[in-house]
Structures are given as structure tokens and as C-alpha cells.
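Some notes on the structure that comes next.
Values quoted throughout were computed directly from the atomic coordinates according to the rules given, and no laboratory measurement underlies them. The structure displayed is predicted, hence computed values, not measured ones. Neighbour counts are summed over all protein chains in view; Cβ atoms, including those assigned to glycine, are modelled from backbone coordinates with ideal geometry.
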Amino acid sequence: GAGVSQSPSNKVTEKGKDVELRCDPISGHTALYWYRQRLGQGLEFLIYFQGNSAPDKSGLPSDRFSAERTGESVSTLTIQRTQQEDSAVYLCASSFTSGGALEQYFGPGTRLTVT
Amino acid sequence: QKEVEQNSGPLSVPEGAIASLNCTYSDRGSQSFFWYRQYSGKSPELIMSIYSNGDKEDGRFTAQLNKASQYVSLLIRDSQPSDSATYLCAVNRGAGGTSYGKLTFGQGTILTVHP
């Protein structure tokens, strides 16, 4: 079946602009996760959703970052007033549930470049 | 101390050899453990999950978990050049608490399999 999809695949924006990144999870997956990977670095957890609630927002770097999810479907990560340090690949993952087995499957990512 | 640490690389092995990748974690309450493979410029791909002490085999891959020692490893038998990638160890705390869904990743070990 179809995997996790993300759009856009690449985004170049000017410093100070707002951006929206979209994630479409695997059908039937109730949990959805956002991570960030800066060049040459490991993955940083940002936020996860169980259904449309977000039990853990602890990884969001600042109040410029927000995310929402509609039901058990699409999620949008919004970055306001982008800064150069926001440049990274933003990865979305989904899993059947946040309970029990937690295999998370990643989408292809959105490469964000802030100029 | 980092939450998840992987053996420093890069690791280079000849084709056909066994590649051994190691990972230690600091949170004794961790319950779920995962190995991801990440090719350059691509998103992480789940290759193994392990939840109980002992070994788990899947084809050429064997994951080993020792919760008492807070140690998880991945063995790749009959290594192939196509196994050349960065291998990421990821840990989840498991049941309870708001961090239920969060994966904490190590920095990764770069593996090169040379013909």
C-alpha cells in the first residue's frame, strides 16, 4: 500500500516568511510523528499526535513552530518567521498506534532551506 | 551522557563479512528498540524492532537486546555493498507518560561494505 507522503519535497524560503509542511500518514495509522534532521546530524523529535490530540509537544524548538492534525489524517507543521537555523529536512512518520508496538514508518521528508 | 549512543564510525567491512553495530541507552525504563537504515539523501527505513531480551533474527539481520546492560546491537551477516548506509539506533520509553510516542535516536554509524 501507499507509504507516508509529504509535501512539498523541497522548499526554499526567505528568512522571516512562514512555511507549511504537510504529511499524509499511512492509511489506518492513528499515530503521527514529526522529526527534524539538520545536515549531518541525528533526528530530533518535534511532536507526535495520537488521533488529533498532541500528548507530547516537548520537541518543538520555539513558539514559532506549531502543528495540527485533522482527525486521523493529514498533519500540517507550520513554522512562522523562519530563521536560517530552521533549515533542515523535516520528516514525518506514522504508526498503527502509540501503544504497544511502535514501529514508525517515515515519509521521504521535506527539505527546507531558509535563505 | 547522551540518551542513545552508537559506536563511533565509520565502520568498514569487506563484502561477505559480519558487520556489528552497537548502541547503548541511558533510560533504564526504555521498552522498545529499533534499527533504521538511512541511505544518503533518503529518509530512514525501519529494518528491525526488538522488545524482549535476547536475539531476533530476520534474514541477514540479527538484533540483540540486553536490558540489564542497556545495550542493543545489530549484526549484518554476509554484508553486501548495498548495505552501505548510516544505521540509526532508536529507543522508546514505552508505556506511560506523555513521551510514549517519542523515539530518541543515536547519531548513527556509517557502514561501508567494500567489494
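General observations
- Region A:61-108: trypsin sites (Lys or Arg not before Pro) in DSSP loop, at most 14 other beta carbons within 10 Å: A:ARG64, A:ARG81
- Net +/- balance of residues flanking B:GLU57 in space, Cβ distance below 14 Å, scoring K and R +1, D and E -1: 0
- Over all pairs of different C-alpha atoms in chain A, the reciprocal of the mean inverse distance, the Kirkwood hydrodynamic radius, equals 14.0 Å.
- Split chain B at each of the trypsin sites (Lys or Arg not before Pro) in a DSSP loop with at most 12 other beta carbon atoms within 10 Å, and the longest piece is B:29-115.
- Stretch in chain B that is longest and holds no GluC sites (Glu not before Pro) that DSSP places in a loop and that have at most 16 other beta carbons within 10 Å: B:16-115
- Each of A:ALA2, A:LEU102, A:PRO61 was scored by the projection of its Cα onto the charge dipole of chain A, and the greatest displacement toward the positive side belongs to A:PRO61; charges sit on the C-beta of Lys, Arg, Asp and Glu.
- For region A:1-113, averaging the sequence separation of C-alpha pairs within contact (under 8 Å, six or more residues apart) and dividing by the residue count gives a relative contact order of 36 percent.
- Counting only other chain Cβ atoms within 10 Å of each residue's Cβ, the peptide A:103-114 averages 3.
- Its relative contact order, with pairs defined as Cα atoms under 8 Å and 6+ residues apart, puts chain B at 36 percent.
- Span from the region A:52-104 Cα centroid across to the region B:1-30 one, whole angstrom: 27
- Checked against a 32 Å cut-off, the cross-linked pairs B:LYS56/B:LYS102; A:LYS11/B:LYS67; A:LYS11/A:LYS57 give Cα-Cα distances beyond that limit for A:LYS11/B:LYS67.
- Region A:11-77: GluC sites (Glu not before Pro) in DSSP coil with no more than 11 other Cβ atoms inside 10 Å: A:GLU14
- Cut-off 13 Å between beta-carbons: net charge of the residues surrounding B:GLU45, Lys and Arg +1, Asp and Glu -1: 0
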